Amino acid sequence: QVQLVESGGGLVQAGGSLRLSCAASGSGYSINSMGWYRQAPGQQREWVAAITSTGSTNYADSVKGRFTISRDNAKNTLYLQMNSLKPEDTAVYYCNLYYRDDRTYRYRDVWGQGTLVTVSS
């Protein structure tokens, strides 16, 4: 079983910064990719950023130049550095892990519980 635990959300003023963390635990899996998603109240969940097993990154246009996704392989932790935050960034942020089960060789994904980011104007 793979489990993700997110942290780092909070309240910040527009223009400020936050760093979100997502720690993966468990064994017997191989990471294919990890990503961040967000969901504002009453809105659909949207993709924010992704990083592959080789370190390639991609970002939604709305966060390019402001957010940086990274990982610490030794700690099995994913990060999202958010700079120049805007009120429209307010949302619950979720991390996602797409992985291969090393026992079954099947690919699966798992979600974190979400962490709330509130950006005040």
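The values are calculated or read from the model by the stated rules, or taken from the named source; none is laboratory data. In this text the structure is predicted, and so the values were computed from the model without any measurement. Positions of Cβ are generated from backbone atoms using ideal geometry, with glycine treated the same way; all protein chains shown enter the neighbour counts. When the accessible area is computed, the model is the full protein with side chains, heavy atoms only, and any ligands, DNA or RNA have been set aside. Shrake-Rupley method; radii C 1.70, N 1.55, O 1.52, S 1.80 Å.
Some observations on this one:
- Output for the range 93-108, where each listed residue is charged (D, E, K, R) and exposed (fewer than 14 other Cβ atoms within 10 Å of the Cβ): ASP102, ARG103, ARG106, ARG108
- Counting the residues of the range 71-121 that are closer than 30 Å to GLY42 by Cβ, within 16 Å of the chain's Cα centre (by Cα) and not acidic (Asp, Glu) gives 25.
- Residue count for the range 29-55 satisfying the condition of being outside any strand (DSSP E or B) and open to solvent by 60 Å² or more (accessible area, probe 1.4 Å): 7.
- VAL63 surrounded by 15 or more Cβ atoms within 10 Å (Cβ to Cβ), at pLDDT 95 or above and either at positive phi or in a strand (DSSP E or B) (or both): no
- The range 13-28, subset under 17 Å from GLY55 (Cα atoms) and in contact (Cβ under 8 Å) with a residue 60 or more places away in the chain, residue surrounded by the fewest Cβ atoms within 10 Å (Cβ to Cβ): ALA24
- Restricting the range 68-92 to residues that are out of contact with any Phe, Trp or Tyr (no Cβ under 6 Å at 6 or more places or on another chain), of a type outside the set (Val, Ile, Thr) and in a strand (DSSP E or B), the residue that is surrounded by the fewest Cβ atoms within 10 Å (Cβ to Cβ): ASP72
- Total residues in the range 8-28 satisfying the condition of being at pLDDT 95 or above, part of a strand (DSSP E or B) and farther than 15 Å from ARG71 by Cβ: the figure is 5.
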